[in-house]
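This report concerns only the one structure given below.
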Amino acid sequence: MSNKSNNHQVKAKKHLGQHFLNDETVAEKIADTLLLKDYKNVLEIGPGMGVLTKYLLKKDCTTYVIEIDTESVEYLQANYLNLAPRIIEKDFLKYDLNEVFNQEPFAIIGNFPYNISTQIVFKTLEMRDQIPEFSGMFQKEVAQRICSKEGSKVYGILSVLAQAFYDAEYLFTVPPNVFNPPPKVDSGVLRLTRKADYSLPCDEKFFFKVVKAAFQQRRKTLRNSLKTFNLSDNLKANSIFGKRPEQLSVQAFIELTQLLENDA
Ligand code: SAH
């Protein structure tokens, strides 16, 4: 099948969220967001034609890429010969990354496929023990949400869960016109740096459950949205249950989880 010339451009496929970045300065700036402290492996999700990959390959790290699109993979194989053994042609969401990383730490980076943004963050959180750092581009609204603090209109499940384990920084905004084809929205680049002590003083699985349940109906008080947890009358009297989820900091969600754990 490979009778294509090396510079044949990949045709953008909408269902794969393909918006190729065509601004080298922005690509380099995104690659530079990784701090590369105390780990060597970097995994780029969705390299496409490698605009970001090119700058990662110049750094003092070992770059792997995972790409679902065969046409992009063929392009990379033809144009980045040294990368070839570290091109994984798989769906990031389904692939067992330990087939490659074997329990070792790795950072994640990408100009991510926006159609699966949330799932990318959730999979990262599940694998947080191996992922000290995560940076890259989402649609602006998603990047802002992940980094926002309590009280903000966009504060939600992703903000609380990501910030429970990582320090989140919104870095810069990227306009649609540097992509081909241009997306309908602005994009935002962020960095998540895992906290030095990222273990929570409560049951972590239960914490995820509580946060998700609290935000199911974000206009309601916790007393209402957490009904299914069978709160005792004693606990219900605690003023925290009169609040709405967006009023609770990460620390308050941890305390809430502890209260529920200890409710007899
Ligand atoms: N990084 C490139 C491409 C960004 S577009 C650039 O900046 O130009 C998003 C890329 O993610 C596409 O190449 C798309 O094929 C890939 N992709 C989409 N879903 C994926 C998945 N589930 N797993 C791995 N890659 C995926």
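The values are calculated or read from the model by the stated rules, or taken from the named source; none is laboratory data. In this text the structure is predicted, and so the values were computed from the model without any measurement. Here the Cβ positions follow ideal geometry from the backbone for every residue, glycine too, while neighbour counts run over all protein chains shown. In case anyone asks, the SASA skips ligands and DNA or RNA and just uses the protein heavy atoms, side chains included. Shrake-Rupley method; radii C 1.70, N 1.55, O 1.52, S 1.80 Å.
Just a few scattered comments:
- Separation in nanometres of the label points that stand 7 Å from Cα toward Cβ, at LEU200 and GLN251: 1.6 nm
- Largest mean-square fluctuation among ASP233, ASP167, ASP60, in a Gaussian network model of the chain whose springs join Cα atoms under 10 Å apart, belongs to ASP233.
- Mean Cα-pair separation over length for the chain, i.e. relative contact order, pairs under 8 Å, 6 or more apart, %: 16 percent
- Taking a ≥ b ≥ c as the square roots of the eigenvalues of the Cα gyration tensor, segment 204-263 is classed as rounded, since a/c falls below 1.5.
- Taking the charge dipole of the chain about its Cα centre, with +1 at Lys and Arg Cβ atoms and -1 at Asp and Glu Cβ atoms, the residue from SER225, PRO85, PRO181 reaching farthest to the positive side is SER225.
- Using alpha-carbon coordinates, inclination of helix 117-126 to the longest axis of the chain, degrees: 70 degrees
- Scanning residues 5 or more positions from GLN18 or on other chains, those with amide H under 5 Å from its amide H are LYS13, with H placed 1.01 Å from N in the peptide plane.
- Accessible surface computed residue by residue for segment 4-194, with neighbouring protein chains in place and a 1.4 Å probe, gives 45 Å² per residue.
- Each residue of segment 176-191 is assigned a 3J(HN,Hα), and the resulting list reads x, 6, 9, 10, 10, x, x, x, 7, 10, 5, 10, x, 9, 10, 9 Hz, derived from the Karplus form 6.51 cos²θ - 1.76 cosθ + 1.60 (θ = phi - 60°), x at Gly and Pro.
- Placing a label point 7 Å from the Cα of ASP60 along the Cα-to-Cβ direction, the residues of segment 76-114 with a backbone N closer than 17 Å are 107.
- Given the chain, longest segment not containing exposed loop chymotrypsin sites (Phe, Trp or Tyr not before Pro) (DSSP; at most 15 other Cβ within 10 Å): 96-197
- Lys/Arg +1, Asp/Glu -1 at C-beta; the chain dipole; positive extreme among ALA12, VAL211, PHE241: PHE241
- The mean sequence separation of alpha-carbon pairs under 8 Å and at least six residues apart, normalised by the residue count of segment 138-253, gives a relative contact order of 28 percent.
- Here the accessible area of the chain is 47 percent carbon and sulfur, with a 1.4 angstrom probe and all protein chains present.
- Links that overshoot a 22 Å alpha carbon limit, given the list LYS149/LYS209; LYS11/LYS54; LYS11/LYS40; LYS184/LYS220: LYS11/LYS40; LYS184/LYS220
- Amide H contacts under 5 Å for ILE108, placed H, 5+ residues apart: LEU43, GLU133, PHE134, SER135
- Computed [θ] at 222 nm, deg cm²/dmol, the chain (DSSP H ≥ 4; -39,500 (n - 2.57); rounded to nearest 500): -8500 deg cm²/dmol
- Between helix 250-261 and the chain: long-axis angle, C-alpha atoms, 0 to 90°, nearest 10: 50 degrees
- Farthest toward positive dipole pole in segment 97-215 [+1 Lys/Arg, -1 Asp/Glu at C-beta], among ASN98, SER152, PHE112: SER152
- About its Cα centre, the dipole of segment 4-194 is roughly 360 debye, where the only charges are +1 on Lys and Arg Cβ and -1 on Asp and Glu Cβ.
- Net charge, ALA12 excluded, C-beta distance under 13 Å - Lys, Arg +1, Asp, Glu -1: +1
- Summed residue charge, Cβ within 13 Å of THR257's Cβ, Lys/Arg positive, Asp/Glu negative: -2
- Residue order for HIS8, HIS15 - accessible surface, 1.4 angstrom probe, largest first: HIS15, HIS8
- Remark: spin-label model distance GLU24-SER239 equals 6.0 nm, labels positioned 7 Å along the Cα→Cβ axis.
- Residue-wise HN-Hα coupling along segment 48-58, computed from phi with Karplus coefficients 6.51, -1.76, 1.60 (Hz; x: Gly, Pro): x, 8, x, 4, 7, 3, 3, 7, 5, 5, 7
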